[in-house]
Amino acid sequence: MKTLKTAFLLTVLTLLFVGIGKLLGGNQGMVMAFFFALAMNFFTYWFSDKIVLAMYRARPVHEGEAPELVGAVRHLAQLANMPMPKVYIIPTQVPNAFATGRSPKHAAVAATEGILKALSQDELIGVIAHELSHVRNRDVLISTIAAVMAGAIYMLADMARWSLMWGGGRSRDRNAGALNLVLMMVVAIIAPIAAMLVQLAISRSREYQADESGARLCRKPLALAEALRKIHGMAQRQPMEANPATAHLFIVNPLRAQGLANLFSTHPPVERRIEILEALARRL
């Protein structure tokens, strides 16, 4: 099922690029967009994790540099009977974390400098257990591809807007020129919505699943619940400078979401996640 989702997302990306290429450059633009989409698909599948890590200037660390973080990842990976992921630190004081990679053998866990200061060791273990559960559940490939896809769609929207500003819809045929202008306006408006829908296609249920399986792995559901409470509270006071295309990767939405924006959040409500974890703690 996850393989089908991955193939579907890559197909959508190809069709979007071909359609926009046709709009902006006719048949020649469509052919160029097709080959660009093929290259994009290749790099998205094989290098999407590196793209996201580079986006946040994450640097690899070893146990001597971050003994609590690397030690927690190693211990939980052994408990989960999975390969040891690479460990990265993101240079920001806003607490958060995410996992990425195309498979458990090629996975990475990235945590911010801020999360190491804000959380207790038990809370950090809860967060890492959640992220390793994403890896073990094979959520990370789809999530990372969706992040790169959303970024590409935002780029298409920018291309359409710049084309409108510089008269890209002009044509000797007034009717054709007017149609092109209308179509590019539609692209400029619809593309960001399409990017959001791609992210929302990554079901919110995966966060609930990772919460539960992570809590069972580390046997610390209340510590994970408290970590979620802390990270969410700090994110609301000081949102992270995060790319909206990658927001769904993080354990808690790094962007401030209020009012109607909550309806389209890539994460389920933190309050509900905490309630479920507290109920799980009573059963364990």
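Couple of notes before you dig in:
- Here GLY151 fulfils each of the conditions (1) surrounded by fewer than 24 Cβ atoms within 10 Å (Cβ to Cβ); (2) of a type in the set (Gly, Ala, Ser); (3) at pLDDT 90 or above; (4) under 18 Å from the mean Cα position of the chain (by Cα) apart from (3).
- Selection status of THR44, farther than 19 Å from ILE125 by Cβ, assigned to a loop (DSSP other than H, G, I, E, B) and not aromatic (Phe, Trp, Tyr): no
- Taking the criterion of being of a type in the set (Lys, Arg) and part of a helix (DSSP H, G or I), the residues of region 91-137 that qualify are LYS105, LYS117, ARG136.
- Unmet criterion (only one of (1) assigned to a helix (DSSP H, G or I); (2) in contact (Cβ under 8 Å) with a residue 12 or more places away in the chain) for TYR88: (1)
- ALA77 of a type in the set (A, V, I, L, M, F, W, C), more than 24 Å from HIS232 (Cα to Cα) and either outside any helix (DSSP H, G or I) or touching a residue at least 24 places away in the same chain (Cβ under 8 Å) (or both): yes
- Counted residues, region 18-42 - those being without any contact (Cβ under 8 Å) to a residue 24 or more places away in the chain and either charged (D, E, K, R) or within 16 Å of LEU141 (Cβ to Cβ) (or both): 2
- In a residue-by-residue description of region 54-73, the property of being at pLDDT below 85 and assigned to a helix (DSSP H, G or I) applies to no position.
- Boolean, ILE142 is closer than 30 Å to ALA33 by Cα and either in a helix (DSSP H, G or I) or modelled with pLDDT of 70 or more (or both): yes
- Selection within region 250-281 - crowded, with 16+ Cβ neighbours inside 10 Å and at pLDDT below 90: LEU255, ALA257, SER265, THR266, HIS267, PRO268
- Annotation: of all residues in region 109-123 being without any contact (Cβ under 8 Å) to a residue 60 or more places away in the chain and farther than 15 Å from THR92 by Cα, the one that is surrounded by the fewest Cβ atoms within 10 Å (Cβ to Cβ) is GLN121.
- Looking only at region 129-141, and only at residues there that are farther than 17 Å from LEU53 by Cα and out of contact with any Lys or Arg (no Cβ under 6 Å at 6 or more places or on another chain), the one that is surrounded by the most Cβ atoms within 10 Å (Cβ to Cβ): ALA129
- Pick from region 45-86, criterion surrounded by fewer than 18 Cβ atoms within 10 Å (Cβ to Cβ) and among the small types (Gly, Ala, Ser), ranking: farthest from the chain's Cα centre (by Cα): GLY64
The values are calculated or read from the model by the stated rules, or taken from the named source; none is laboratory data. Worth saying up front: this structure is predicted, and the values here are computed from it rather than measured. Counting neighbours? That spans all protein chains shown, and the Cβs are built from the backbone with ideal geometry, glycine included.
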